[in-house]
Amino acid sequence: MELQSSTIPDQDPKKIVKVEGRVQEALPNAFFKVLLADGREITGFLSGKMRLNRIKILPGDKVTLEMTPYDEKKGRIVYRLK
């Protein structure tokens, strides 16, 4: 008996979308409201490496986020642009 995979063959399950945005508001617990370049507003949270290295994010900073195709309302902040 052969196991069937429930994923679509041409869709990679580990596909990560990188987008840029600007932080609009700082929320509790290292969460942020981020306005993306295409006009959407999502909730971003700091990645673990940024927390460990104590990289500060302030409203107005440009950031790079990683998002999955499964949840369009959340993203992980992985880089603060200069």
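The values are calculated or read from the model by the stated rules, or taken from the named source; none is laboratory data. As the structure is a prediction and not an experimental result, all values here were calculated from the model. Cβ coordinates were reconstructed from backbone atoms using ideal geometry, including for glycine residues, and neighbour counts include every protein chain displayed.
Residue-wise test of (1) closer than 14 Å to GLY75 by Cα; (2) at pLDDT 95 or above; (3) among the β-branched types (Val, Ile, Thr); (4) assigned to a helix (DSSP H, G or I).
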| position | (1), (2), (3), (4) |
| --- | --- |
| MET1 | no, no, no, no |
| ASP10 | no, no, no, no |
| VAL23 | yes, yes, yes, no |
| LYS33 | yes, yes, no, no |
| ASP38 | no, no, no, no |
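Residue count for segment 36-78, restricted to those that are over 10 Å from the mean Cα position of the chain (by Cα) and either touching a residue at least 60 places away in the same chain (Cβ under 8 Å) or surrounded by 15 or more Cβ atoms within 10 Å (Cβ to Cβ) (or both): 4.
Residues that are of a type in the set (Asp, Glu) and not in a loop (DSSP other than H, G, I, E, B) within segment 50-78 comprise just one, GLU66. Selection of first residues in segment 8-24 that are of a type in the set (S, T, N, Q) and of second residues that are modelled with pLDDT of 95 or more and surrounded by fewer than 10 Cβ atoms within 10 Å (Cβ to Cβ), restricted to Cβ pairs under 9 Å at least 6 apart or on distinct chains, gives the following pairs, ordered by first then second residue: GLN24/GLY60.
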